[in-house]
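The values are calculated or read from the model by the stated rules, or taken from the named source; none is laboratory data. Since this is a predicted model, take the numbers as computed values, not measurements. Cβ: placed from backbone, ideal geometry, glycine included. Neighbour counts: every protein chain shown. For the accessible areas, the whole protein counts, side chains as well, though only heavy atoms, and no ligand, DNA or RNA atoms are used. Shrake-Rupley method; radii C 1.70, N 1.55, O 1.52, S 1.80 Å.
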Amino acid sequence: MMMCYISKTIYKPTAQIAMLYRKMCTKISGGCHAEEILNHISESFQRADVSEPGVSAQILVGEVLGTTNLDILPNVAKTSYLNTEQSESLAKMVQCRLAKMPIQYIIGYWQFRELKLTMKPPVFIPRAETEGLVDVILSHLKGLKNTEINILEIGCGSGAISLSLMKEYK
């Protein structure tokens, strides 16, 4: 079992997680139906106390199937089988998630409003609540039309707020 490395951060699974991973890899490598694999991964994540086990499983399976829209993933999974390359890729991603690596670092990006941001440590992962903050700022800025506006974001992490404001403010 290999460890998941990103930058200088090592995500190392516990012995219990390693056992869950081995069982799951056997299931994945069997060329199973994507829907069955999705359910199995979700259950494995739940047993391993991975946060948001169902969503995590959906994101990873969707990633290998090329479907980022989680609303249509169940229908796609019903009619899909994973090939060897997809199975191997999924097994590596699942191992990292079982080791509690954030999903955003595993897939290497994250959607924030109208942006697709590259994610890797030490970049901070933008929270969903931050999208609401951008809404508040944009509504405030609408009242300042025909005024020169300078915005300074301090401690910007991924830069999601500034990038969204630059893209969306008209």
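Pick from the stretch 153-162 the residues that are among the hydrophobic types (A, V, I, L, M, F, W, C) and not in a loop (DSSP other than H, G, I, E, B): which of them is surrounded by the fewest Cβ atoms within 10 Å (Cβ to Cβ)? Checking each candidate, the answer is I161. When we screen N146, N69 for residues that are open to solvent by 50 Å² or more (accessible area, probe 1.4 Å) and either over 30 Å from C32 (Cβ atoms) or more than 14 Å from the chain's Cα centre (by Cα) (or both), the only hit is N146. Annotation: of all residues in the stretch 116-129 being outside any helix (DSSP H, G or I) and open to solvent by 80 Å² or more (accessible area, probe 1.4 Å), the one that is farthest from G157 (Cα to Cα) is K116.
Among the residues making up the stretch 52-66, those that are in a helix (DSSP H, G or I) and either closer than 19 Å to C32 by Cα or open to solvent by less than 40 Å² (accessible area, probe 1.4 Å) (or both) are P53, G54, S56, A57, Q58, I59, L60, V61, G62, E63, V64, L65.
For the stretch 73-88, residues that are part of a helix (DSSP H, G or I), surrounded by fewer than 15 Cβ atoms within 10 Å (Cβ to Cβ) and at pLDDT 90 or above total 3.
Residue pairs whose Cβ atoms lie under 6 Å apart, separated by 6 or more positions or on different chains, with the first residue in the stretch 130-152 and in a helix (DSSP H, G or I) and the second open to solvent by 50 Å² or more (accessible area, probe 1.4 Å), are E131/R113; L141/Y169. Among the residues of this structure, L165 does not count as one that is in a helix (DSSP H, G or I) and open to solvent by 60 Å² or more (accessible area, probe 1.4 Å). Looking only at the stretch 101-115, decide whether some residue is at positive phi, open to solvent by 40 Å² or more (accessible area, probe 1.4 Å) and at pLDDT 90 or above. Yes, the stretch 101-115 contains at least one residue that is at positive phi, open to solvent by 40 Å² or more (accessible area, probe 1.4 Å) and at pLDDT 90 or above.
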